[in-house]
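> The structure that follows is given in the form of structure tokens.
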Amino acid sequence: MRMLTSSDEDIRIAAEAIKAGRLAAFPTETVYGLGGDAFNVSALARIFEAKRRPRFDPLIVHIADLASLDMAADVGSLPPSVRTKLCVLCRNLWPGPLTLVLPKRPSIPALATSGLPAVAARFPSHPIAQKLIRYSTGAVAAPSANPFGYLSPTKASHVQEQLGERVDFIIDGGCADIGVESTVLDLTEEPARILRPGGAPREAIEALIGHVEMGHPPAQDTPRPAPHSPGQLASHYAPKAPLFLHNDSDMAGLSFCPDEAYLFFDEETRGAWNMRNAPNAGGDERIFTLATGANTGTADKTLEAAANLFDILHTIDKLKPSAIHAQKSPDSGLGAAINDRLMRAAAKRN
Ligand code: AMP
Ligand code: MG
């Protein structure tokens, strides 16, 4: 593995590697991605192998301009009303943290979509991601650059620690701004359905195209060959230590235990908890807050919390606590994505 900078020259080295069927991890505005040529079956197989990702979990195809969507998706086969919604979404939320599930073009190998007839496509806003895609093949399949089921990477060092020699290059582009994965929106259903909450809040999507459904589609008569969207797997995004998710009052009521770690949403609940646990002072290195910014509204707090979430969980995991107690975030804005990740992290215990 070789660490690269964000210089044009280095991005071209990574792009050449992708063109040659190899893998390069790169920064995006959501989390770091593990990129390979979306048209090359052996590159796609390498991605699954490097992540130890089950083949039923499809990959997101990343593009660097709107015109390239045509290479991956058969937009013309959508009903006109859905095409209109697609246009509105692309105009307003692309480039950005929104992945759209659309009818697939045959040029995208079935391996990329785990055999599903739909492809997930995203146009990231990160300038390094855009250059890498443009300099390589125009369509880069890239799941998060972490071993399957584990915490997502928001820094180059997270990728290095977790994937090491399983990746050829890592482009270091600093910290991911948003810090949680993209929102996955399925436009092959009407109404559209959010398969995974993420960096584009439901409120922003609904303001553009009206009501969208959330979560699992209703049970089918015939079993599907794969989860409709594997972000729906009950256990995912999990640290090594068991994680317990608490509402505000339960969190404030917990008693301090020195071998456990505590993850507060904001300073208010932490303050209340501190007062209760003051006699047990010490152990501060095991107590964390996702949103520390004073006097900001809920929306700003969830933005800050999302950006810190995975980095703090990586730090906590290195402390090897016997348990992690995490406070739920408010559910609005990026809070829905934060709670989704924490719930799935908690599900690993079951
Ligand atoms: P990750 O690559 O780790 O960001 O996860 C990608 C997520 O995108 C998957 O877990 C799925 O939820 C979703 N996804 C990718 N491709 C498809 C598809 N063809 N249909 C539905 N969901 C998809
Ligand atoms: Mg992932």
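> I'd like to check something: does segment 2-21 contain any residue that is without any contact (Cβ under 8 Å) to a residue 40 or more places away in the chain, closer than 21 Å to residue 131 by Cα and polar (S, T, N, Q)?
Yes, because at least one residue in segment 2-21 is without any contact (Cβ under 8 Å) to a residue 40 or more places away in the chain, closer than 21 Å to residue 131 by Cα and polar (S, T, N, Q).
> Looking at residue 102, is it within 15 Å of ligand 1 (Cβ to nearest atom) and either part of a loop (DSSP other than H, G, I, E, B) or within 15 Å of residue 184 (Cβ to Cβ) (or both)?
Values: within 15 Å of ligand 1 (Cβ to nearest atom): yes; either part of a loop (DSSP other than H, G, I, E, B) or within 15 Å of residue 184 (Cβ to Cβ) (or both): yes.
Answer is yes for this residue.
> Considering every residue within segment 81-99, establish whether at least one is more than 16 Å from ligand 2 (Cβ to nearest atom), under 24 Å from residue 145 (Cα atoms) and in a helix (DSSP H, G or I).
yes
> Are there any helices (runs of 4 or more DSSP H) wholly within segment 126-225 with 2 or more residues that are under 20 Å from residue 36 (Cα atoms), and if so which? Give the steps one after another, and end with the answer.
Details: elements: 127-135, 156-163, 202-209.
Counting at least 2 such residues, we get 127-135, 156-163.
> How about segment 100-116: which of its residues are free of Cβ contacts under 8 Å to residues at least 60 places away in the same chain and either aliphatic (A, V, I, L, M) or more than 20 Å from residue 145 (Cβ to Cβ) (or both)?
Residues of segment 100-116 free of Cβ contacts under 8 Å to residues at least 60 places away in the same chain: 104-106, 110, 113.
Passing the criteria: 104, 105, 106, 110.
> Just to verify a result, which residue in segment 292-313, among those that are of a type in the set (Gly, Ala, Ser) and in contact (Cβ under 8 Å) with a residue 24 or more places away in the chain, is surrounded by the fewest Cβ atoms within 10 Å (Cβ to Cβ)? Outline the logic, then answer.
Quick first cut of segment 292-313, residues of a type in the set (Gly, Ala, Ser) only: 293-294, 297, 299, 305-307.
Those still in the list that are in contact (Cβ under 8 Å) with a residue 24 or more places away in the chain too: 294, 299, 305-307.
Working: 294: 7, 299: 15, 305: 28, 306: 28, 307: 19.
Once the filter is applied, the top-ranked residue is 294.
> Which condition number does residue 311 fail, the rest of (1) in a helix (DSSP H, G or I); (2) more than 28 Å from residue 258 (Cβ to Cβ) being met?
Among (1) in a helix (DSSP H, G or I); (2) more than 28 Å from residue 258 (Cβ to Cβ), the lone unmet condition for residue 311 is (2).
> Exactly one condition in (1) more than 16 Å from ligand 2 (Cβ to nearest atom); (2) in a helix (DSSP H, G or I) is not met by residue 112; state its number.
(1)
Laboratory data are not the source of any read-out in this text; all were calculated from the coordinates shown. Small disclaimer: the values here were computed from a predicted structure and weren't measured. Note that each Cβ is placed from the backbone with ideal geometry, even for glycine, and that neighbours are counted across all protein chains shown.
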